[in-house]
Amino acid sequence: MAIEILIANHDHHKYSESICNMIEDAAKKRGTGIAKRKPEYVQQKMEEGKAIIALDGEKVIGFCYIETWSHNKYVANSGLIVDENYRQHGLAKQIKYKAFELSRTKYPDAKIFGLTTSLPVMKINTELGYRPATFSELTDDEDFWKGCMSCVNYDILTRTNRKMCLCTGMLMDPNEKKKDDTNTDKK
């Protein structure tokens, strides 16, 4: 395999529909909530330099993008997907690490968060320094939460006044890491 994992750009627009189909198919097969995305939205992320794409030659095999919320105080790594024929080889982890690195480079002081129902994603997030978080610790930006509307579990989120859902909230706060380092230095 000649797999490349890179920051997507205008040249990768041709993959946007395939990416959206991969996301939708995975949600149907897993029976869990993954918010749908439109090709135009994926293309916008590519244009902004806020998307990671994995290619095997000319075939798209994975994707993830970053979004900013609350005036860049929060960053979400979203839409992580790997073609089902390429799973179980660590590709999701490589894509997620690259998206995390891009987030830290573009927004070094932002809190990075995500919502997921996927145990493998939770494990990757933990390795990156995320911790489980209540939804109240995440962005209160209404536009972020509107993104959940296409999820099959949206009724749970609304019934609980956005306090819980089937997703687990995860958060990496760079300021918590700095506090931990400062406390360790004092010992």
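Every number here is computed from the coordinates shown, using simple stated rules; none is lab data. This one's a predicted model, so the numbers in the text were calculated from it and none came from an experiment. Cβ sites come from the backbone with ideal geometry, for glycine too, and all protein chains shown count toward neighbours.
Look at the dipole of the chain built from charges on Cβ: of 169, 2, 19, the Cα furthest out on the positive end belongs to 169. Restricting to DSSP loop positions (anything but H, G, I, E, B) with no more than 13 other Cβ atoms inside 10 Å of their own Cβ, which trypsin sites (Lys or Arg not before Pro) remain in the stretch 44-121? Within the stretch 44-121, the qualifying trypsin sites (Lys or Arg not before Pro) (loop, at most 13 other Cβ atoms within 10 Å) are 73. For the stretch 43-58, the Karplus equation 6.51 cos²θ - 1.76 cosθ + 1.60, evaluated at θ = phi - 60°, returns couplings of 5, 4, 4, 5, 4, 7, x, 10, 9, 10, 10, 10, 10, 10, x, 9 Hz by residue, with Gly and Pro reported as x. For the chain, the relative contact order is 21 percent, taking Cα pairs closer than 8 Å that sit 6 or more residues apart in sequence and dividing their mean separation by the residue count. Give the aspartates and glutamates whose C-alpha is closer than 13 Å to that of residue 73, dropping any in the same chain fewer than 8 places away, or say none. Leaving aside aspartates and glutamates fewer than 8 places away in the same chain, those within reach of residue 73 are 109, 137, 140, 141, 173. For the stretch 130-140, the Karplus equation 6.51 cos²θ - 1.76 cosθ + 1.60, evaluated at θ = phi - 60°, returns couplings of 6, 9, x, 9, 6, 4, 5, 7, 8, 4, 9 Hz by residue, with Gly and Pro reported as x. Our note on the geometry: Cα centres of the stretch 112-137 and the stretch 14-80, 17 Å apart.
Kindly provide the helix-only [θ] at 222 nm of the chain, computed as the sum of -39,500 (n - 2.57) over DSSP H runs of four or more divided by all residues, to the nearest 500 deg cm²/dmol?
Numbers: 7 runs with 73 residues, N = 187.
When only DSSP H runs of four or more count, the value is -11500 deg cm²/dmol.
Rg over Rh for the stretch 26-115 works out to 0.96, using Cα positions for both radii and the Kirkwood form for Rh.
Can you flag which of 93/146; 45/163; 38/123; 29/106 are past 32 Å Cα-Cα?
29/106
Dipole of the stretch 1-153, Cα-centred, from +1 at each Lys and Arg C-beta and -1 at each Asp and Glu C-beta, to the nearest 20 debye? Let's see the in-between values first.
Numbers: 21 positive and 21 negative charges, 85 e Å.
That gives a dipole near 400 debye.
For the stretch 1-81, which GluC sites (Glu not before Pro) are both in a DSSP coil and crowded by at most 14 other Cβ atoms within 10 Å?
Details: sites: 4, 17, 24, 40, 47, 48, 58, 67; in loops: 48, 58.
The qualifying sites are 58.
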